[in-house]
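Every read-out reported here was derived from the displayed coordinates using simple, explicitly stated rules and does not represent laboratory data. Source: prediction; values computed, not measured. Cβ placement follows ideal geometry from the backbone for every residue including glycine, while neighbour counts extend to all protein chains displayed.
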Amino acid sequence: MSKDGKDKAAQEPREIPIDGADEVTEGAAEAAAPAPEAEPAETAEAAPAPEAEPAETAEAAEAEADSIEEEAEAVVADAERVAKAEAEAAAMRDKYLRLQAEWDNYRKRTAEEAGEMRVRAAEKLMGDLLPVMDDFERAIAHAEANGDAGLLDGVKAISTKLSESLGKHGLEAIDPAGEAFDALEHQAVGQVEDASVPDETVAQVYQKGYRLGKKVIRPAMVTISTGGPKREVESDDAE
């Protein structure tokens, strides 16, 4: 080789082989190369949509369940209050009706007792006065028999006035001469034969009887006839 050729060869750079240099070079080339873009499907699969955390979902469901339970309890409480109020109202109504009935019964009973007391008081009064009336009648009979006209008129006036006064309090004389004998108002003290009148007709009144209202306080003392025709029984349906 000529001298010029040697100098040219000496000036040209020479590659010095280094172990692993090729691998480093290839790796650098791959790193420098742009990464390929991912396909849309792969991107969607790689990045899924965010979902709620399980803890948050459980808390929301529990809160909703608690709210529903509270509403149900409120409805039940309202229904119980309404039922209680209705029961109290019904009890008060029943109590009012019972009190009203008891008051009506008490008022009626009191009125009846007061009426009975008045009757008993009047009955005692009339019983005490009956002998006086008997004495008046005896005095009148004596005056009529002895012809004492002045005494007779005075006694008659007193007797009439007393009878009228007692009549205002319900006293009524029982003087059944000529009427059918009634064992509830008459007391038979003798019998008289008389075929002209029906059997058991009051022939004579020995002593008048008296009734106060509907109650007989003294039966009339009478004699009754016998020997006459049987008295027809009056029917209750007869008008």
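Here are a few things to note about the model shown:
- The mean sequence separation of alpha-carbon pairs under 8 Å and at least six residues apart, normalised by the residue count of the range 171-230, gives a relative contact order of 45 percent.
- Computed label-point distance, nm, for sites Glu193 and Glu73 using a 7 Å Cα→Cβ extension: 11.0
- Additional length obtainable on full extension of the chain from Ala145 to Ala114, 0.36 nm per residue less Cα span: 6.5 nm
- Quotient of Cα Rg and 2.2 N^0.38 Å for the range 171-230, N being how many residues it contains: 1.10
- Violating pairs (Cα-Cα greater than 27 angstrom) within the set Lys108/Lys161; Lys156/Lys208; Lys156/Lys230; Lys124/Lys208; Lys84/Lys108: Lys108/Lys161; Lys156/Lys230; Lys84/Lys108
- Rounded to the nearest Hz, the phi-derived 3J(HN,Hα) couplings of the range 223-229 under the Karplus curve 6.51 cos²θ - 1.76 cosθ + 1.60 (θ = phi - 60°) are 10, 10, 7, 9, x, x, x, where x marks glycine and proline.
- DSSP beta bridges in the range 171-230 [antiparallel fraction, %, rounded to 5]: 65
- Amide H contacts under 5 Å for Gly213, placed H, 5+ residues apart: Glu172
- Extension gain for Ala83-Tyr206 works out to 36.5 nm (0.36 nm per residue, less the C-alpha to C-alpha distance).
- Based on C-alpha pairs under 8 angstrom that are at least 6 apart in sequence, the range 140-204 has a relative contact order of 29 percent.
- Karplus-derived 3J(HN,Hα) values for the range 181-194, using 6.51 cos²θ - 1.76 cosθ + 1.60 with θ = phi - 60°, are 5, 10, 5, 7, 10, 10, 10, 6, 10, x, 10, 10, 6, 7 Hz; glycine and proline are entered as x.
- Gained length - Glu137 relative to Lys168, 0.36 nm times residue gap less alpha-carbon distance: 9.2 nm
- Amide H to amide H distances under 5 Å link Gln207 with Met221, where only residues 5 or more positions off or on other chains count and H is placed in the peptide plane.
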